[in-house]
Amino acid sequence: MMHLEHLNLVVRDMDKALAFYGAAFPHWQVRGGGRQNWYGTERNWLHFGDDYHYLTLNDSGKGENRDLSSNQVGLAHFAFVTHNLDALISRMHAAGFEPSKGAQSTYRSNAYFIDADGFEVEFVQYHSDLPSQRNHYE
């Protein structure tokens, strides 16, 4: 059995990244961090998460993220499962973030948000525990 432990993201502004991910995951906290030289660039890093999953955030990012409407190679989006999508959307809205798109079907609802650095993050709520239904596409 395997599971995803963490994602490592390079961001421009750590505070903006923490505002976004803190609204999405209010139960997460900064687990630790430090400063490092990454190929000649001094940058701060931190782990933001719980005891089992986290995001590594590295500041001093340069440039723009990939155009999400293109077929350019790169990360398209990453997704998290939530048990209450409406509550997540409300938290994000209260923090100043609006969904970029969403979808609803019989067995799942999705909302997508774009963070301050252009990463698209999907949040999905499943309406069934049966894999055959959760993985059914209408």
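The values are calculated or read from the model by the stated rules, or taken from the named source; none is laboratory data. Source: prediction; values computed, not measured. Glycine gets a Cβ as well: all are built from the backbone with ideal geometry, and neighbour counts include every protein chain shown. Just so you know, the surface numbers come from the protein's heavy atoms only, side chains and all, with ligands and any DNA or RNA stripped out. Shrake-Rupley method; radii C 1.70, N 1.55, O 1.52, S 1.80 Å.
Of note:
- Model label sites at A87 and H136, defined 7 Å from Cα along the beta-carbon direction, differ in position by 2.7 nm.
- DSSP beta bridges in region 82-138 [antiparallel fraction, %, rounded to 5]: 100 percent
- Restricting the chymotrypsin sites (Phe, Trp or Tyr not before Pro) of region 67-138 to loop positions (DSSP other than H, G, I, E, B) with no more than 14 neighbouring Cβ atoms within 10 Å leaves Y137.
- Estimated 222 nm signal from helices in the chain, with DSSP H stretches of n ≥ 4 weighted -39500 (n - 2.57), rounded to 500: -5000 deg cm²/dmol
- Karplus-derived 3J(HN,Hα), 6.51/-1.76/1.60, for each residue of region 103-120, Hz, glycine and proline x: 8, 9, 9, 4, 10, 6, 10, 10, 9, 10, 10, 10, 7, 4, 9, x, 7, 8
- For region 45-117, the gyration tensor built on C-alpha atoms gives an oblate shape. Its axis ratio a/c (a ≥ b ≥ c) is at least 1.5, and a/b is not larger than b/c.
- Amide H contacts of F80 (H built 1.01 Å from N, under 5 Å, at least 5 apart or other chain): E122, F123, V124
- 3J(HN,Hα) from dihedral phi, region 64-74, Karplus parametrisation 6.51/-1.76/1.60, rounded to Hz, x for glycine, proline: 10, 6, 5, 5, 5, 8, 9, 9, 4, 4, x
- Accessible-area composition of the chain, carbon plus sulfur, in percent [1.4 Å probe]: 51 percent
- Residues within the reach of a label modelled at A19 (point 7 angstrom out along Cα to beta-carbon, backbone nitrogen below 19 Å), restricted to region 95-114, are 95-100, 113-114.
- The magnitude of the dipole of the chain, with charges of +1 and -1 set on the Cβ of Lys/Arg and Asp/Glu and taken from the Cα centre, is near 120 debye.
- Here's the picture: charge each Lys and Arg Cβ at +1 and each Asp and Glu Cβ at -1 in region 39-138, and of G40, H93, S132 the one pushed furthest to the positive end of that dipole is S132.
- Average accessible surface for the chain: 63 Å² per residue, computed with a 1.4 Å probe over protein heavy atoms with every protein chain in place.
- Three-way shape label, region 1-59, alpha-carbon gyration tensor, a/c 1.5: oblate
- Near A111: Cβ cut-off under 15 Å, other residues only, Lys/Arg at +1 and Asp/Glu at -1. The net charge is -2.
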